[in-house]
Each structure stands twice: as structure tokens, then as C-alpha cells.
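Accompanying notes for the structure given below.
The values are calculated or read from the model by the stated rules, or taken from the named source; none is laboratory data. Here the structure is a predicted model, which means the values were calculated and not measured. Note that each Cβ is placed from the backbone with ideal geometry, even for glycine, and that neighbours are counted across all protein chains shown.
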Amino acid sequence: MKYISTRGKSPALDFNEILLAGLAPDGGLYVPEEIPKFSEAEIKDMSSLSYSELAFLLIKPFVGGVIDDSELRTMIFEAYSVYTHKDVAPLVQLSENHWVLELFHGPTLAFKDFALQLLGILVEHVLAKKGRRALVLGATSGDTGSAAISGCSRVSSVPIFILYPHERISEFQRRQMTTMRSENVHIGAVEGSFDDCQNLVKSCFRDQNFIRGQCNLVAVNSINWARIVAQIVYYFYAALKIGAPGKSIAFSVPTGNFGDIFAGYIASKMGLPMERLIIATNENDVLHRVMQSGEYKKTFLKKTHSPSMDISVSSNFERLLFDLYNRDGELIDGMMDRFDDQGINLSSSVMNHLRSLFSSQRVDEKETLEQISDSWRNNGYLLDPHSAVGVRAALKSNFSSNVPVISLATAHPAKFTEAIVAAGIDCEVHVPEHVSNIFELDEKYEILQNDLNEIQLQINQFFLNKDIV
Ligand SMILES: *Cc1c(COP(=O)(O)O)cnc(C)c1O
């Protein structure tokens, strides 16, 4: 299995190479040259597998033999052994045909643990095999950072540098990162937005002269294909539990960078019957606007109750465009250039293709809080604000009563108590045991200017001039 760039000008690489990279040198994102397919009978046979067993089966073809099968299986089992629920990703029924898929039973209480608990272990393994060093570098709107830090702190040899927008993430999210006691972790609070953080990280990846060839820069954002691949698994797992492949399921996915929902798209291409993928956005609705008008264009960012979805550009959408435009890298290259300057218009045939699987709903701030309150009063179920956007989008989609719908619950409500309070709910939010002391621990982070030179200097000071084993 080889991986190629969406912009068509970079050499094809193996899985272990793209694992240790970020964007392709031409600025594109890596995608597999072909998608492995499973027949209906093969998918049916998967229904008795445990989560980790299923993960091994589905991830293996993407690794393409560059990691030994038995070692890969052990690493996958190790990654999910830290989950606190025996099903790893349990389904909770809200109404006759509507389920919530709880993706928050990992160490940092958001779905990003699914990929990042595995990523740290894989990176360490590949580095050891190749005798190379790496620095994990990422920008976070909250949940990626803590999940990546938690994943890397399990493997002491992988240092990590994380940037987040100062004062724009919840206190719980910040503390999950800043209270982590590990020598190998450095956290910078950037005076800017998440997009600023992401641009700084992208610039570091684009021109790596500042690290003077001392190590590999590894991306933890969902531009890293390993993130996507781990997230494919729970679409299969959940769908199998409620009747796939005999039934076709709709998924509602709270969407920011388009990584999670893109994994759903890949699951459908692998053979999982899928009725619909609902792009659920908050008021930062760049993707909803594309679905409505065919125009893909950035706008200003708003601060919402669901900060992990507050972005103006959805990086992974480029992967979908690459497919929709018949994998024409040259064309995507030109389009993304125009997108940066002025925005782009998608052709009507591409829009038809897009709308045959995807639909979208925009859920505003008022509806988000209303949904938290409604689900609590009607179902006794407490949603975090991101999951509430997904549930509300599913309800707004008005499916006929015979279509089973799964809404992805992407974070635990304890992470976002500010929104629970704003929704007027008066209840004690249960905080899982393993994170219950973070309000007492000391914090460690540094406030940084939104300035590339300063960031690069910090990286050099903290990691590269030190002896990284
Ligand atoms: C990251 C995140 C999202 C958005 O996921 P994308 O893959 O960026 O679309 C939604 N909800 C929560 C809680 C998140 O942490």
C-alpha cells in the first residue's frame, strides 16, 4: 500500500514514512493509492469481533505489511487497553431509531484518543526500527493537544510540542494539557486563534530548515493519515451492532477539520453500507455553506460553546475534493491556491456527487444549548456541546422512521461544564475518576506571540539542542 499526495507532485511513500511526516512536500495531504474493500459477507463476519480485534482487521490493509502483523496487533490492543468502558465505543439508544455513539471513554475524554493513543505507540515503534528521532508537533483547538500529549507520554522517547490559542479553550481542556508532568512535553499558548496556531505549525512543516535535519517532524493533526485510519473502526463497530451490513445507517458527525467524518467516508468506500453522512457544524459553518451553495470560502471565526469545531478551514476536505475530482492532483493544486486567495466554486457534477452521500446542518448557539437541555429533560442524557450539535443536526435532518441514525458523541460532558451551566441544567456532572484531580494540580505552559521565529526558537531550545534519545 502506497500513499500519494492530493497535489500530485510528491513521491509515493509507505505507511511508516507518512506516519512520521506531516503534509507532503508539495503541500498536499497523503491519501492511500487505493482503498481496501470488504465484501458484504466479510463485513457480516466482523460482527462478533471485539473492538481491538476489529481495529486490527481494518487497519492492517492500510499498513500494507510494513509493520509486522503480530506487532501491529499487540500495539492496537495496547492502545485501547486504557479505555474505561469494556465496549471501548458503546452505543446508547436515545429513541427508537436514534443512537449516540460514545467516543469519550479514553484517557482524555474525547474521540481523539482513538487515534492518538495508537499514534504514539506506532511512532515509537517505527522510530526504534529505523533508528531515527522525531518531534511531534501540533496545533490544537483543545482536544487534540491533550490526547496527543497523553498518547506520547505513554512512550517516553517521543517529545511533543503543542500550540493552542490562548484563552480560547475551556479550563478543563487547558488543564488536561498543562498539568501533564512529563519532561518531553512543551505547551505554548499562542496569542491568536486556532487558525493562527495551525498556520504556525504548517509553516514549520513546510520549511524545516530550522531543525537542521536533526529529526523528523511528526504531525498529530488529522492531516496525519494514521489519525483517519484509526477512526474508521468505530463506524464499522457501531453499524455492525445495529444491523449492518443488512441495514444502511446514517451518521451525524460534529465536524471541524473534517477528519472524523472523512473516516466515515472511507468506511463507506471500504464497503460499509451508509445511508448518509451528516456534516454537523456550529456557527463556523464553512462546510455547510459549501453544501448549500457550492462555494468553498473562508470567513471570520466565531467563538462558540463547541470550541473544538471552531475553525474556518477544514483541512481534510481537500482529501475529499481529490477523490471527487477524479484524483487529479494538478487540478487540486491550482484549486487550493485559489482557495487561499479568494475561495473556489465546485462544479455542479461534483456537488451532485457530494450530495449523494453527504448532507449538512448548521446548528447555532441557541439550538446547541437547547439540545443539551432537551436531551437532559427528555432522555436523562447529558450531552457535551459538540455532541449536542451532532444530535441536533440528526434531528433536523428529518429521516424517515425506518432509517437508523447514529450521532457521534465526541466528548464527555465533564470537559465542557461551562456549556452545561449555560444550558440551565442544574446537576452535578460526573467527572471520571482518572481526571478528577486536574483542578488541584499545578499548570505549566508558556504564553507565546503569534510569531513563527519565536516558535521555531522555542522548539530548538527545548528539544533539539537537548539530547533526545
Ligand atoms: C476535534 C473535535 C471535533 C471535530 O472533529 P474533526 O475531525 O476536526 O472534524 C468535534 N468534537 C470534538 C469534541 C472534538 O474534539
Subject >> In region 292-310, the residues that are in contact (Cβ under 8 Å) with a residue 60 or more places away in the chain and either surrounded by fewer than 22 Cβ atoms within 10 Å (Cβ to Cβ) or acidic (D, E) (or both) >> reply: Q292, L301, K303, T304, D310
**OP:** List every residue pair whose Cβ atoms sit under 8 Å apart, with the two residues 6 or more apart in sequence or on different chains, where the first one lies in region 356-385 and is under 17 Å from V421 (Cβ atoms) and the second, anywhere, is among the aromatic types (F, W, Y) and modelled with pLDDT of 95 or more.
**Re:** S375/Y381; L382/W376; L383/W376; D384/F104
Original post:
Out of R212, R206, which single residue is closer than 27 Å to S308 by Cα and either more than 16 Å from the ligand (Cβ to nearest atom) or more than 19 Å from the chain's Cα centre (by Cα) (or both)?
Top reply: R206
Original post:
Looking at region 221-255, which of its residues are of a type in the set (V, I, T) and at pLDDT below 90?
Top reply: I223
**OP:** Name the one entry in A134, A147, A139 that is away from the ligand (no atom under 16 Å from the Cβ), within 23 Å of L448 (Cβ to Cβ) and modelled with pLDDT of 90 or more.
**Re:** A134
**OP:** Mind checking which helices (runs of 4 or more DSSP H) fall wholly inside region 20-126 and carry at least 3 residues that are under 29 Å from N216 (Cβ atoms) and in contact (Cβ under 8 Å) with a residue 12 or more places away in the chain?
**Re:** 51-63, 69-80
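Matching residues to (1) out of contact with any Cys (no Cβ under 9 Å at 6 or more places or on another chain); (2) closer than 19 Å to K112 by Cα; (3) surrounded by 24 or more Cβ atoms within 10 Å (Cβ to Cβ):
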site: V155; (1), (2), (3): yes, yes, no
site: I160; (1), (2), (3): no, yes, yes
site: S170; (1), (2), (3): yes, yes, no
site: G192; (1), (2), (3): yes, no, no
site: L200; (1), (2), (3): yes, no, no
site: C204; (1), (2), (3): yes, no, no
**OP:** Give the residue, chosen from I242, I232, I211, that is surrounded by fewer than 21 Cβ atoms within 10 Å (Cβ to Cβ), under 30 Å from S52 (Cα atoms), in contact (Cβ under 8 Å) with a residue 12 or more places away in the chain and aliphatic (A, V, I, L, M).
**Re:** I242
**OP:** Would you mind stating whether D87 is within 14 Å of the ligand (Cβ to nearest atom) and not polar (S, T, N, Q)?
**Re:** no
**OP:** Consider R377 carefully, then state whether it is in a helix (DSSP H, G or I) and closer than 26 Å to S193 by Cβ.
**Re:** no
**OP:** Scan (1) part of a strand (DSSP E or B); (2) farther than 17 Å from R319 by Cα for the single condition I4 breaks and write down its number.
**Re:** (2)
Subject >> Complete set of residues in region 2-15 that are crowded, with 17+ Cβ neighbours inside 10 Å and either modelled with pLDDT under 95 or of a type in the set (A, V, I, L, M, F, W, C) (or both) >> reply: I4, L13, F15
Subject >> V431 at pLDDT below 95, over 27 Å from V190 (Cβ atoms), within 25 Å of the chain's Cα centre (by Cα) and not acidic (D, E) >> reply: yes
Original post:
Out of region 257-267, which residues are modelled with pLDDT of 95 or more and on the phi < 0 side of the Ramachandran plot?
Top reply: G259, D260, I261, F262, A263, G264, Y265, I266, A267
**OP:** Give the residue that is farthest from L135 (Cα to Cα), with candidates limited to residues of region 416-445 that are among the acidic types (D, E) and surrounded by 12 or more Cβ atoms within 10 Å (Cβ to Cβ).
**Re:** E418
